[in-house]
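The values are calculated or read from the model by the stated rules, or taken from the named source; none is laboratory data. Because the structure is predicted, anything quoted here is derived from the model rather than measured. Positions of Cβ are backbone-derived with ideal geometry, glycine not excepted, and every protein chain shown enters the neighbour counts. The accessibility values were calculated without ligands, DNA or RNA, using every heavy atom of the protein model including side chains. Shrake-Rupley method; radii C 1.70, N 1.55, O 1.52, S 1.80 Å.
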Amino acid sequence: MKKIVKVLMGAFALALVASAAFAGGKKDTAVDVGIVLPTKDEPRWIQDETQFLKELEGKAGVSLLFSQGDSGKEKQNVEALLNKGIKVLIICPQDAAAAAGAVESAKKDGVTVICYDRLITGTDAVDYYVTFDSVAVGEAQGKFLVDHLKPGSKGNSLYLYAGASSDNNAFLFFEGAWNILQPKIADGTFIIRNSDKAVALQDKATLSHEEEGTILNQITTNWDFNEAKKKAADNLTMASSAEKGDCFILAPNDGTARSIADEFAKDPAVTSYIITGQDSEVASVQYIIDGKQTMTVWKNTKTLAHDAIEMATAVLAGKTPATTGFYDNGVKKVPAKQTAVTVITKENVHLLTDSGYIKPDQLTGL
């Protein structure tokens, strides 16, 4: 009997050693980096998850959790990661303001906080921010619409849509688009068809955050496909045939762009439409190939995740991460690393497949 016990105890000890050796590709089971992403129900965030885990393999122990669109769950996720002893928290907030409490808890525990893709506002508990240049994304979308105008044309119907007003990035995207579109709105080249709030401010080249908020509250999709679809359907129901024809549509991202495009495509009074997007989701790239979406802004999440992990590993090594600028979150100017973006159209879809971002067999009609 004693021999059996000794054998079992020895086997148990070996199992523990094997488990420790396997965890995170290290001989240490410690979780150094905690990652919180907003939802696993959007393709974009699954891409980020895959890249994060690939980037951290063999470098540091990692635990990645999804908040599923719930700020309460997000706070619980952060607390769970703190209990695991993380040293760095990488977080993309569901709600920019509501996440302040969660990162303040992390800061009290001596954890370095890196905002990922979306900036948390109203707190000094944010150390760094890794982001695409969100204003540049909006400017690329606005420029694309302007570039597709017929020379000298006036009175072109413009429909505006935005992301969630709880997301600071939605303001930055809209700010960038407004920078490019506003002069063409003010001179009558574009006529805004679905926002009297935007019409009331159309002569202002620069909008305050509060003024942007009044517009966003009217044109928000909340990053929700169904809400985008309903809003587009309602806008088209309210618009006269004369307010349709050739339409120009500022759509905030790919998911909402597909929903909005489907509504415009089936309206007989819409003769054509140009519509923006961003994220280069496979479904939207297929829409572009099929002529149902016009463009997307490629924000290479592989690069963004790489930049975030470089920042995290620098912190773990006791170094100061490299940054390229600052973003004001209402309390402090947060040091940031910005990642470049690329406009994708039917003509250069190959950039996505050549880079391996999308596999050719995921698309048809290339």
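Things to note:
- When residues of the stretch 30-44 are limited to those that are farther than 13 Å from I90 by Cβ and in contact (Cβ under 8 Å) with a residue 40 or more places away in the chain, the one nearest to the chain's Cα centre (by Cα): R44
- Residue match in the stretch 73-94 (condition: modelled with pLDDT of 95 or more, part of a helix (DSSP H, G or I) and of a type in the set (V, I, T)): yes
- Selection within the stretch 193-226 - touching a strand residue (DSSP E or B) at 6+ places or on another chain (Cβ under 8 Å) and either part of a helix (DSSP H, G or I) or open to solvent by less than 60 Å² (accessible area, probe 1.4 Å) (or both): N194, S195, A198, V199, Q202, I215, L216, I219, T220, T221
- Residue satisfying all of: in the stretch 266-303; small (G, A, S) and assigned to a helix (DSSP H, G or I); nearest to K337 (Cα to Cα) among these: S284
- In the stretch 231-249, the residues that are within 22 Å of F144 (Cα to Cα) and among the small types (G, A, S) form Cβ pairs under 8 Å with partners that are part of a helix (DSSP H, G or I) and at pLDDT 95 or above, at six or more places apart or across chains, as follows: A232/S259; A232/I260; A232/E263; A232/F264.
- The set of residues from the stretch 58-68 being open to solvent by 40 Å² or more (accessible area, probe 1.4 Å) and closer than 15 Å to I35 by Cα comprises K59, V62, L65, Q68.
- Considered as a group, the residues in the stretch 123-154 that are in contact with an Asp or Glu (Cβ under 7 Å, 6 or more places away or on another chain) and farther than 21 Å from I344 by Cα include one that is surrounded by the most Cβ atoms within 10 Å (Cβ to Cβ), and that residue is V130.
- Residues of the stretch 304-324 satisfying the condition of being among the charged types (D, E, K, R), over 16 Å from G58 (Cα atoms) and either assigned to a helix (DSSP H, G or I) or open to solvent by less than 10 Å² (accessible area, probe 1.4 Å) (or both): D307
- Yes/no for T301 being open to solvent by 30 Å² or more (accessible area, probe 1.4 Å) and touching a residue at least 40 places away in the same chain (Cβ under 8 Å): no
- Subset of the stretch 341-366 that is open to solvent by less than 90 Å² (accessible area, probe 1.4 Å) and among the aliphatic types (A, V, I, L, M) - its residue that is nearest to F173 (Cα to Cα): V341
- Residues satisfying the stated conditions in the stretch 325-340, i.e. of a type outside the set (K, R), in a strand (DSSP E or B) and surrounded by 15 or more Cβ atoms within 10 Å (Cβ to Cβ): Y327, V334, P335, A336, Q338, T339
- Sub-9 Å Cβ pairs linking a first residue in the stretch 337-362 that is in contact (Cβ under 8 Å) with a residue 40 or more places away in the chain to a second residue that is part of a helix (DSSP H, G or I) and among the acidic types (D, E), at least 6 apart or interchain, are K337/D307; K337/E310; Q338/D307; T339/D307, ordered by first then second residue.
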